[in-house]
Structures are given as structure tokens and as C-alpha cells.
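The structure appears below as C-alpha cells.
What follows is calculated from the coordinates using simple rules that are stated; it is not laboratory data. Everything quoted here is computed from the prediction, not taken from an experiment.
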Amino acid sequence: MIGAMNTLAAGMAAQRLRMDASASNLANAQTTKQDGKVDAFQRRVVMITTQPANDGSQRVSPQAKIQLAESGIRKVHDPFHPHAGPDGYVEYPDINMMDEMVNATVANRAYEANVNALQATRQMAEQALRLLQK
């Protein structure tokens with residue numbers, strides 16, 4: 001039971017990281033390249049992999065880390081923008097707001113599913129302890 005709870009907690013942490021990455025992408029969707037000194041924001045994605053448990057069992061635990069996506073730059077013609085280049089274009093990160101909202105919603109639903117599974121596991125453990133006390 002403890003192994004299941006640890007796996008569910010790791011899954012919850014991974015989904016929280018996905019929500020954080022989507023929030024960061026949404027917050028920086030309009031960040032521009034500034035005078036050639038700072039590049040436009042690069043979209044973040046979360047890679048979730050599984051790692052075998054350290055105790056030699058067959059269990060696996062999800063591991064999550066944030067990586068920079070290989071997304072392009074969206075150029076918008078706005079010659080009056082303070083960060084516009086000599087050609088009048090402003091470079092923005094290629095972030096699709098709808099995709100990011102969907103990603104955040106999916107991560108939220110997966111987090112909720114992990115919470116429900118964790119509560120069910122806890123209730124089963126409590127019931128088992130009550131049965132052992134009798």
C-alpha cells in the first residue's frame with residue numbers, strides 16, 4: 001500500500017509540474033525578443049518517464065522534468081513596437097493559447113484522478129487496520 005501511495009504522490013507531483021509549465025507558457029506567450037540581447041521565451045514541456053523502484057521490485061515510479069520545446073518563433077509585423085527589428089517585425093514565442101489551456105486542463109484532471117486514487121488507497125488501508133483490530 002505504501003508503494004502505491006508513493007507512486008500516486010509522484011504522479012501528482014508530475015501533473016503539478018505540467019500545470020506549472022502550462023502556466024509559465026501562458027504567462028510568457030507575449031514575451032518578445034528584445035534588441036537581439038534576449039531571445040524570445042521558449043515554450044516549456046514536461047517529459048514524464050518511468051523509473052524502476054530502488055527496492056528491486058517490479059514497481060515503477062513516474063519521473064517528470066521540464067524541457068525546452070523545439071518550437072519556432074512567430075513573427076508579427078508591428079513597426080511601432082519598441083522591440084521591432086529593422087524590418088518592422090516583432091518576434092514572439094510560438095505558443096498556442098488553446099493548446100496550453102487544454103494541457104493545463106488535462107493535467108488538472110489527471111491530478112484530481114491521482115487524488116481520488118490516493119484517498120481510496122488510504123481508505124482501504126484504514127479499513128484493513130480496523131479489521132485487524134477486531
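Points to keep in mind about this one:
- Computed per residue of the chain from DSSP H runs no shorter than four, each worth -39500 (n - 2.57), the mean residue ellipticity at 222 nm is -17000 deg cm²/dmol.
- Kirkwood hydrodynamic radius computed over the chain comes to 17.8 Å, based on all pairs of distinct alpha carbons.
- On Cα atoms only, tilt of 2-27 relative to the major axis of the chain in degrees: 20 degrees
- The chain: angle of helix 97-133 to the longest principal axis, Cα-based, in degrees nearest 10: 10 degrees
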